[in-house]
Amino acid sequence: MLDERTIILLIEKALEARQASYSPYSDYQVGAALLTADGEFFTGCNIENAAYSPTNCAERTAFFKAVSEGRKNFDAIAIVGGPKDMEITQYAYPCGVCRQVMMEFCNPETFQIIVAKSTKEYDVKTLKQLLPEGFGAANLE
């Protein structure tokens, strides 16, 4: 379990990453901050595309950056999102595709997903809570 100081730091990094969002079609900005098992942070934002399907979520952006740098062990991710230039009023839970990417690299029992409106208002769940019957590498053994 993460301590409160680490959770707040992750949320702050996610809020900062949200500012880089490229979301001209939805105007819904998302930021994510991913914590590796060895204490490194990787951030990501959502990146939209006029063709829609090439759009990439903030969570996957953070994961792909980390994996491309050789990191494959993760402890937690913080996610924030909401309409551009507005106060965040709801939690932005990861979509199904992002949950599946998390399943590829994370222990569903221990990986923590923090969804936040602010550093004072957040919720913490495990990947297993959000993807209770997830399909992963163990299913292929």
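The values are calculated or read from the model by the stated rules, or taken from the named source; none is laboratory data. All values reported here derive from a predicted model rather than from experimental measurement. We place every Cβ from the backbone using ideal geometry, glycine too, and count neighbours over all the protein chains shown.
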Filtered residues of segment 51-68 (kept if crowded, with 24+ Cβ neighbours inside 10 Å and in a strand (DSSP E or B)): none
Conditions (1) touching a Lys or Arg at 6+ places or on another chain (Cβ under 7 Å); (2) in a loop (DSSP other than H, G, I, E, B); number of the one not met by residue 132: (1)
Checklist (1) assigned to a loop (DSSP other than H, G, I, E, B); (2) touching a helix residue (DSSP H, G or I) at 6+ places or on another chain (Cβ under 7 Å) applied to residue 87, failing item: (2)
Test: residue in segment 74-84 that is in contact with an Asp or Glu (Cβ under 8 Å, 6 or more places away or on another chain), over 26 Å from residue 25 (Cβ atoms) and at pLDDT 95 or above: no
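Confirm whether residue 20 is surrounded by 24 or more Cβ atoms within 10 Å (Cβ to Cβ) and not in a strand (DSSP E or B).
Details: surrounded by 24 or more Cβ atoms within 10 Å (Cβ to Cβ): no; not in a strand (DSSP E or B): yes.
In short, no.
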Failed item, numbered, when residue 78 is tested on (1) surrounded by fewer than 18 Cβ atoms within 10 Å (Cβ to Cβ); (2) under 19 Å from residue 37 (Cβ atoms): (1)
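Residue-by-condition table, conditions (1) surrounded by fewer than 17 Cβ atoms within 10 Å (Cβ to Cβ); (2) of a type in the set (Val, Ile, Thr); (3) in contact (Cβ under 8 Å) with a residue 24 or more places away in the chain:
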site	(1), (2), (3)
71	no, no, yes
93	yes, no, yes
98	no, no, yes
116	no, no, yes
129	yes, no, no
138	yes, no, no
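Go through segment 20-45 and count every residue that is among the polar types (S, T, N, Q), farther than 15 Å from residue 114 by Cα and touching a residue at least 24 places away in the same chain (Cβ under 8 Å).
Total satisfying the criteria: 3.
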Pairs with Cβ under 8 Å, 6+ apart, first in segment 54-69 and among the basic types (Lys, Arg), second surrounded by fewer than 16 Cβ atoms within 10 Å (Cβ to Cβ): 60/97
